[in-house]
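See below for the structure under consideration.
The values are calculated or read from the model by the stated rules, or taken from the named source; none is laboratory data. Owing to the predicted nature of the structure, the values given are computational and were not obtained by experimental measurement. Cβ coordinates were reconstructed from backbone atoms using ideal geometry, including for glycine residues, and neighbour counts include every protein chain displayed.
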Amino acid sequence: MNSNDEIDAQPLSTAEATINEPFTAPSQQLNVRPEIDIQSEECTDHPYIRAPVKKNSPCYNMEHKRRGDAIIFHHEKFDSNLELTPRENDKDLLNKLINVLNDLQFNVCVCEDWTYKQIEKKITKLATKEDHRNSDCILFVFMTHGYNGKLYAKDTHYNPDPLRLLFTSDKCPSLAGKPKIFIIQACRGNSPDLGTSLTPRPKHSSHRVSSSDETDGHKSEPFKMATHADFLIANSTVSNFTSYRTWFLEAFCDVLSSEKYRKDDFLSIMTTVQRKVAISFANELGDKQIPSLTTMLTRKLYFTSKKKTPQRHARMSCISSNVSE
């Protein structure tokens, strides 16, 4: 197994398993359920936000002033009590990811070796304090160890789902109707994927079935969107399986950097990423890996180019190495 095939998981140790679940969501965020009727783009009944697209638009609106924030939580070193090996040899991949996200015109922020409280504070601030009305979307990348549905911060493990749920439309209305993307490079267990050998079959003609989109027929008709809509969660591997450190994000960066695929919608891009990982990567033992997508997207997502405006920090908005904000 070479350095690029390092596994990103360690089982929870006996000592670590006794750590209390660190996340306690702010009561004012999770218990308050304001009545928000999201309106069509012509309606202004809600005092804070309009739907960013028409009710039956097949594509997300990616023509806001800014693409949005891309926050990378990159972990290399962990507290000694966690008994986790350092995640080394992925700095080149991190830089490659930063460049890809910059090319997509995200405002990139890298958070190095943050504690759980720092991660919680950053994500909560983005969900509850920041105004995303001028943003197309938001994107998070977690590069860390993981096991059994938990991710590791520098000092403890945590469940990422409660943090993600801070961005549902009732809690973060300025991102209502907009894509919220979570990319997770971490193990989800310790089972190896041994792979299955397949014999190539003759090519068959494929037939695409197309259907016209339904039209609303009623201008300015109010509509309500499902609270948990417009999320996409991409894990580097399936539940209970190991994840090799570079495979998923290498494929992600390669596909998004390719002019051949860049014009595809994001789900098609991620399908290409999955195929590339499943077929093109293997370790010295022949073990394989397949990423796992959970999508609640309701429209097609295209990263169309924006007019570039001069920015003081053109390459990256922030690099933080375990310092409190």
Collect the residues in the stretch 106-148 that are in a loop (DSSP other than H, G, I, E, B) and crowded, with 19+ Cβ neighbours inside 10 Å, keeping them in residue-number order.
-> PHE106, ASP113, TRP114, HIS132, ASP136, CYS137, THR144, HIS145
Say whether the condition of being at pLDDT 95 or above, in a loop (DSSP other than H, G, I, E, B) and closer than 30 Å to LYS125 by Cβ is met by at least one residue in the stretch 282-293.
-> yes
Verdict on PRO86 being on the phi < 0 side of the Ramachandran plot, more than 20 Å from the chain's Cα centre (by Cα) and free of Cβ contacts under 8 Å to residues at least 24 places away in the same chain | yes
Within the stretch 245-263, tally of residues that are surrounded by fewer than 18 Cβ atoms within 10 Å (Cβ to Cβ), of a type outside the set (Gly, Ala, Ser) and either without any contact (Cβ under 8 Å) to a residue 12 or more places away in the chain or not in a helix (DSSP H, G or I) (or both) = 4
